[in-house]
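Enquirer: This is the structure, below, for whatever I ask next.
The values are calculated or read from the model by the stated rules, or taken from the named source; none is laboratory data. This structure is a prediction, so every number in the text was calculated from the model and none was measured. Backbone-built Cβ (ideal geometry, glycine too); neighbour counts: all protein chains shown. Each accessible area value is taken on the protein alone, full model and side chains, heavy atoms only, with ligands, DNA and RNA left out. Shrake-Rupley method; radii C 1.70, N 1.55, O 1.52, S 1.80 Å.
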Amino acid sequence: MPATLRSRRSCLAVPGSNPRMLEKAQTLPADQVFLDLEDSVAPSAKRDARGHVVAALTEGDWSGKVRVVRVNDLTTPWAYRDVIEVVEGAGERVDCLMLPKVVSPAHVQWLDLLLTQIEQAMALDVGRIGIEAQIESAAGLVAVDEIAASSPRLETIVFGPADFMASINMRSLAVGAPHPDYPGDPYHYVLMRILMAARTHDLQAIDGPYLQIRDVDGFREVARRSALLGFDGKWVLHPGQIDAANEVYAPAQEDYDHAELVLDAYGYYTSEKGGARGAVMLGDEMIDEASRKMALVVAAKGRAAGLRRTKTFEPPQD
Ligand code: GLV
Ligand code: MG
């Protein structure tokens, strides 16, 4: 599946040190699973976690899911071995590596080069493994445009609200949730900044975690904010958040049907047979080339999410 069409409505975090959770994750309906070697794994468990992750990837059944491993960040002594052990051990079964705490294009380029060397040495397809870059600090956000342009392997820019809030000293009661005393959305600027950089370089934009895992209504509400802006999906930390993410980040059936109708109608009316017109009426709505572009996005997200159309376009009879 082309990287930009991969469905990532729900991106499930699974601690790489926990074989039971690695097993359970395979049965859950998340679009993406990321097997974590970073912050959900204690320092003393980091080395063994690599082995658990390789075993889960090679022996498990992850069909239908985007398979991602989050390695440790570049300030740690673990990062290079994470990449080497995971890709040498299970390179054919990894779709992307996620790099946390990215603050410069050089971080992504380091991972790109290391991946290329390992792929060459292991006779893997060079360039197939993608990269997801997490933006989790003031420095990362300020450099996000260059980061988004830094490698053809990049598939997503991911917001990391917990580390980000610590980085900028944001006062909040709950990670990923609005503050009741702040008259607005404290994340709006950050989300938009990430979204602009991602879209400029044809990447997906992914919202980070909501830590109140038992509050599914709260999850749905914060997810809706980034979905409305245009984000493609959000992290889920608990099975209870998966259905809400899949629902919130997929287009509504009605919007999906409408998008497919716009594409068919516009295709027909701009053809010779349909009169080679540029702006035409679809019911009460005037559609043109810009409508087609908007419809393409909704249709692609709907198809990737497995929606089926329930309406068909009937060209007028001569
Ligand atoms: C995720 O990594 C976060 O810091 O929120
Ligand atoms: Mg983080």
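Enquirer: What nm value, rounded to one decimal, do you get for the distance between Tyr80 and Arg225 when each label is placed 7 Å out toward the C-beta?
Expert: Label-label distance for Tyr80 and Arg225, simple model: 4.1 nm.
Enquirer: While we're looking at this one, here's another question. Looking at the range 231-318, which trypsin sites (Lys or Arg not before Pro) are in a loop (DSSP not H, G, I, E or B) and have at most 14 other Cβ atoms within 10 Å?
Expert: When the trypsin sites (Lys or Arg not before Pro) of the range 231-318 are filtered for loop state and at most 14 Cβ neighbours within 10 Å, Lys273, Arg277, Arg308, Lys311 remain.
Enquirer: Over all Cα pairs of the range 253-304, how is the pair count split among 10 Å bins, expressed in % and running from 0 up to the last occupied bin?
Expert: All Cα pairs, binned at 10 Å, distribute as 27, 55, 17, 0 percent.
Enquirer: At 0.36 nm per residue, minus the direct Cα-Cα distance, what do Asp39 and Lys311 gain on full extension? Give it in nm, one decimal, please.
Expert: Extending this stretch completely gives an extra 93.3 nm.
Enquirer: Okay, moving on. Mind listing the long-range amide H neighbours of Met98? Cut-off is under 5 Å, sequence gap 5 or more, other chains count too, H placed in the peptide plane at 1.01 Å from N.
Expert: Val69, Arg70, Val71, Glu132
Enquirer: Moving on. Mind giving me the nanometre distance, one decimal, between the label points for Ala138 and His179, set 7 Å out from Cα along Cα→Cβ?
Expert: For Ala138 paired with His179, the spin-label model returns 1.5 nm.
Enquirer: What is the Cα coordinate range of the range 170-211 on the first, second and third principal axes, sorted by size from largest, in whole angstrom?
Expert: 35, 21, 12
Enquirer: With unit charges on the beta carbons (Lys and Arg positive, Asp and Glu negative) and the dipole taken about the Cα centre of the chain, which residue among Ala245, Ala305, Ile213 sits farthest to the positive side?
Expert: Ile213
Enquirer: Let me ask something else about it. Per residue and in cubic angstrom, what volume does the convex hull of the Cα atoms of the chain have?
Expert: 157 Å³
Enquirer: Where the centre of each part is set by its Cα atoms, how far does the range 124-159 sit from the range 26-52, in angstrom?
Expert: Between the Cα centre of the range 124-159 and that of the range 26-52, the gap is 20 Å.
Enquirer: So, with a 1.4 angstrom probe, what is the percent of accessible area on the chain that is carbon and sulfur?
Expert: 53 percent
Enquirer: On to the next question. Residue separation times 0.36 nm, minus the C-alpha to C-alpha distance between Asp202 and Asp215: what's the value?
Expert: 1.4 nm is the gain from fully extending Asp202 to Asp215.
Enquirer: First measure r as the distance between the Cβ atoms of Arg128 and Glu254, then evaluate 1/(1 + (r/R0)^6) with R0 = 41 Å and state the FRET efficiency to the nearest 0.05.
Expert: The calculated FRET efficiency here is 0.65.
Enquirer: Long-range amide H contacts for Val66: which residues qualify at under 5 Å (H placed 1.01 Å from N, peptide plane, sequence gap of 5 or more or a different chain)?
Expert: Amide H neighbours of Val66: Gln32, Val33.
Enquirer: In nm, to one decimal, how far is the modelled label at Lys273 from the one at Glu285, with both set 7 Å along Cα→Cβ?
Expert: Modelled inter-label distance: 2.3 nm.
Enquirer: Moving on. Across the range 221-227, in residue order, what do the Karplus-derived ³J(HN,Hα) couplings come to in whole Hz, using 6.51 cos²θ - 1.76 cosθ + 1.60 with θ = phi - 60° and x for Gly and Pro?
Expert: Coupling constants for the range 221-227: 5, 6, 5, 4, 4, 6, 5 Hz.
Enquirer: Could I ask something else about it? Just for the chain, what percent of DSSP beta bridges are antiparallel, to the closest 5?
Expert: 10 percent
Enquirer: Another question about this same structure. Quick one: Cα convex hull volume of the range 91-245, Å³ per residue?
Expert: 108 Å³
Enquirer: If you bin the C-alpha pair distances of the range 1-151 every 10 Å from 0, what whole percents do you get?
Expert: 11, 42, 38, 8, 0
Enquirer: Measuring with a 1.4 Å probe in the full set of protein chains, what accessible area per residue, in whole Å², belongs to the chain?
Expert: Here the per-residue accessible area is 47 Å².
Enquirer: Determine the principal axes of the Cα atoms in the range 130-211, then give the extent along each, sorted from largest to smallest and rounded to whole angstroms.
Expert: Each principal axis gives a Cα extent; for the range 130-211 these are 41, 20, 19 Å.
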